[in-house]
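Asker: Questions regarding the structure given below will be posed in turn.
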Amino acid sequence: MANIMSKKLLIISHDVVGQMMAGPGIRYWELACALAAHAHVTLVAPQPIDLVAPGVTTGSYQWGNPASLQPHLAQHDVILANGFAVATHPEVAQHPGALIIDLYDPTLLENLELYRHQPAAVRAQHAQTDVALLQRQLAVGDFFLCATERQRDLYIGAFMALGRITPEQVDRDPLLRHLIDVVPFGLPAHPSTRSGPGPRSLFPAIGHDDPLILWSGGLWDWMDPLSLIRAMPRVVAQVPNARLVFMAGSHPGLAGAMRTPQAARDLAAELGLLDQHIFFYATWVPYAERANFLLDATVVVSLHRHHLETAYAALRSRILDHLWVGLPSLLSDGDQAAQLTRQHGIGLVVPPEDEAAIADALVALLQDADLRMQCADAARSLAAHFTWPTIIQPITTFLASCSLDTMQQRSIPPMDTPQPQAPAPAEDVAQIEHERLLHATRNAAIQALEQTWNLNNLPTAAPTNRIERLLQVVRTRVLYPLLQPLMLRQQEHNAALLRSLYAIAEHNDHQRSLIERTFQLHDHRLLEVNLRAQHLLEGLQGLNTRTLQERHLLAQQLRDVADQIVVLEESILQARAHARGPLPPPPVTIPLEEDDA
């Protein structure tokens with residue numbers, strides 16, 4: 001690998017990268033940081049990146065605008081991107097250098113669940129687009145990343161169907177590790193530490209010693225928080241002070257609104273547990289502050305429904321966070337995380353959507369300190385295998401071995417199915433960016449209040465001389481006792497204000513979600529109307545064609561009838577003539593003889 005530092009690697013993120021980021025942004029930021037020790041790395045995202053790391057150059061581009069990405073492409077000889085970038089920016093596939101395609105997120109299977117409640121025509125269109133996009137990725141990439149061995153088997157089958165696995169290739173690389181290899185989601189190499197308040201400080205109803213169950217990931221539509229909420233009455237019956245917290249902030253990037261967050265809140269309210277035993281933190285937790293929530297937890301939970309997305313999903317980032325902080329996990333069966341949990345004893349596994357099993361497992365974990373300790377120790381031991389510097393080895397191997405001379409000649413297949421939507425007009429983009437800015441400003445204001453509402457922890461500088469020590473004595477023994485009642489009232493007011501802002505933010509997010517769903521429903525109905533109108537027009541055209549054909553057929557039949565009538569009349573005349581028989585011969589006149597005369 002002596003020449004690896006000569007490689008210039010461009011990582012293209014399709015999602016936001018910054019202090020507020022979700023899974024894709026986290027993955028590409030951490031890969032950039034880990035790979036910076038092995039190559040010249042540049043990371044670009046659709047919005048400016050507000051993070052800094054040694055050896056990582058950052059930049060931004062305009063989503064859907066080839067001119068904004070082309071300068072970055074021209075300066076690098078290896079590109080790492082995923083399918084969204086390839087679909088929206090075809091120039092990525094046309095880059096002459098090496099192309100690494102990241103397949104860790106099986107988008108096709110994910111969208112089958114995401115669009116489950118959409119009209120059949122919409123679902124079919126998305127499925128066709130996703131199939132075409134997958135085929136395009138598999139055709140243009142030089143090296144591919146996936147998240148698990150199960151995913152790798154899935155994609156090798158797809159490579160076989162596309163004809164990309166040849167005898168010569170297998171002779172050179174029997175297991176095809178130089179074509180596709182496993183690079184899962186990773187976790188930091190440094191230990192988790194607290195940097196600020198967690199849910200026990202943010203929710204006054206959660207006591208310092210209350211057992212805290214934490215849902216540490218997003219409330220996506222393919223996950224199953226509802227079974228967990230339905231299990232909580234059984235849990236509370238046996239562990240009365242149990243508390244459940246959902247990290248339920250809105251996605252900071254381009255992801256659309258989900259149905260599950262509001263359904264979860266509605267169910268918790270219906271069961272009478274909302275804000276008493278079940279709590280929703282409505283702000284997206286910054287990446288650097290997630291440990292504050294995790295370290296407050298007793299047990300962490302991630303549950304899903306039974307479908308293909310989870311069977312082939314990546315080892316989710318939230319599961320790896322459980323290992324990072326050394327916490328016992330409760331997981332649904334059926335995916336790679338469940339297999340890992342059983343193999344290493346890092347938690348308990350329950351059947352998908354089994355409320356009784358969920359309740360029993362939670363009670364067991366909350367009441368058995370020894371069991372929790374065993375799971376926590378196993379989690380911390382396993383964490384070392386998933387650090388980012390460890391999991392990037394397949395990428396560094398490819399960077400060391402690849403060259404322009406050995407890259408395949410790409411045959412870029414056309415996208416015969418419907419293309420992704422064209423970029424929005426400039427005024428729409430400006431409006432979207434303005435809404436995002438307002439949303440981020442609101443979240444930042446709430447976070448600032450979260451840091452300052454508690455007056456019991458006011459910062460004080462250590463006294464350095466006699467006068468300052470005297471002033472400190474006066475403050476602590478005279479002023480603070482006098483002001484204590486006022487400070488308590490002010491603190492209660494601050495807490496009430498913060499709760500009000502939570503409620504307002506949640507209400508606004510709910511209204512926004514309702515409006516988005518209304519527009520989606522309107523668009524879907526409009527699509528259905530257009531489809532029906534198209535079918536009606538096609539039916540009318542078919543009817544007109546059939547009517548014209550029937551008229552021509554009727555005219556021909558009338559002509560045939562007329563001809564048959566003429567033939568029939570001739571036949572009748574001939575029949576009559578035949579019935580009368582032949583005419584008698586004319587009479588013969590015999591001449592008289594002269595003698596007789």
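The values are calculated or read from the model by the stated rules, or taken from the named source; none is laboratory data. Since the structure is predicted, the reported quantities are computational estimates derived from the model, not experimental observations. No Cβ is skipped: glycine too gets one built from the backbone with ideal geometry, and neighbour counts run over all protein chains shown. Protein only, heavy atoms only, side chains kept; ligands, DNA and RNA dropped before computing areas. Shrake-Rupley method; radii C 1.70, N 1.55, O 1.52, S 1.80 Å.
Asker: On a 1.4 Å probe surface of the protein chains, which of TYR28, TYR312, TYR104 comes out largest in accessible area, and what is the full order?
Answerer: Sorted descending by solvent-accessible area, the residues read TYR312, TYR104, TYR28.
Asker: Moving on. Counting only the heavy atoms of the protein chains, how much of SER317 is accessible to a 1.4 Å probe, in Å² to the nearest 10?
Answerer: 40 Å²
Asker: Let me ask another. List the residues of segment 188-202 whose backbone N lies under 11 Å from a point placed 7 Å from the Cα of ARG380 along the Cα-to-Cβ direction.
Answerer: 192
Asker: Please list SER6, SER332 from largest to smallest accessible area, probe radius 1.4 Å, with all protein chains kept in place.
Answerer: Solvent-accessible surface, decreasing: SER6, SER332.
Asker: Within segment 75-174, which trypsin sites (Lys or Arg not before Pro) sit in a loop by DSSP and count at most 15 neighbouring Cβ atoms inside 10 Å?
Answerer: ARG116
Asker: So, R0 is 30 Å and r is the distance between the beta-carbons of GLN94 and SER401; what FRET efficiency does that work out to, to 0.05?
Answerer: 0.85
Asker: Okay, moving on. I'd like the antiparallel share, as a percent to the nearest 5, of DSSP beta bridges with both residues in segment 199-386.
Answerer: 5 percent
Asker: Sort GLU270, GLU289, GLU569 by heavy-atom solvent-accessible area, probe 1.4 angstrom, most to least.
Answerer: GLU270, GLU569, GLU289
Asker: Which stretch or stretches of segment 322-366 have amide N atoms under 11 Å from the point lying 7 Å from GLN238's Cα along the Cα→Cβ direction?
Answerer: So the set is 356-366.
Asker: In whole Å, how far is the Cα centre of segment 346-406 from that of segment 183-247?
Answerer: With segment 346-406 and segment 183-247 each reduced to a Cα centre, they are spaced 17 Å.
Asker: For LEU471 and GLU270 in one chain, what is 0.36 nm times their gap in residues minus the Cα-Cα distance, to one decimal in nm?
Answerer: Working: separation 201, 0.36 × 201 = 72.36 nm, distance 5.38 nm.
Here the answer is 67.0 nm.
Asker: Rg and Dmax of segment 199-386 over Cα atoms: what are they, in angstrom?
Answerer: 15.2, 43
Asker: How high is the FRET efficiency from HIS306 to ALA533, r the C-beta distance, R0 41 Å, rounded to 0.05?
Answerer: Efficiency for this residue pair is about 0.60.
Asker: Over 10 Å intervals from 0, what percent of Cα-Cα pairs in segment 170-244 sits in each interval?
Answerer: Calculated over all Cα pairs of segment 170-244, the distribution is 13, 26, 26, 16, 10, 7, 1 percent.
Asker: Which value in nm describes the separation of the simple spin-label points at MET373 and GLN19, placed 7 Å from the Cα toward the beta carbon?
Answerer: The modelled label-to-label distance comes out at 3.9 nm.
Asker: Something else: With the Cα gyration tensor of segment 222-293 giving a ≥ b ≥ c as the square roots of its eigenvalues, does the rule (a/c under 1.5 for rounded; else a/b larger than b/c for prolate; else oblate) give rounded, prolate or oblate? Working shown, then result.
Answerer: On the way: a/c = 2.50, a/b = 1.50, b/c = 1.66.
Because a/c hits 1.5 or more and a/b fails to exceed b/c, segment 222-293 counts as oblate.
Asker: Compute, for PHE293, the solvent-accessible surface of its heavy atoms (probe 1.4 Å) with the complete set of protein chains present, and express it in square angstrom to the nearest 10.
Answerer: Only protein atoms counted, so the area is about 10 Å².
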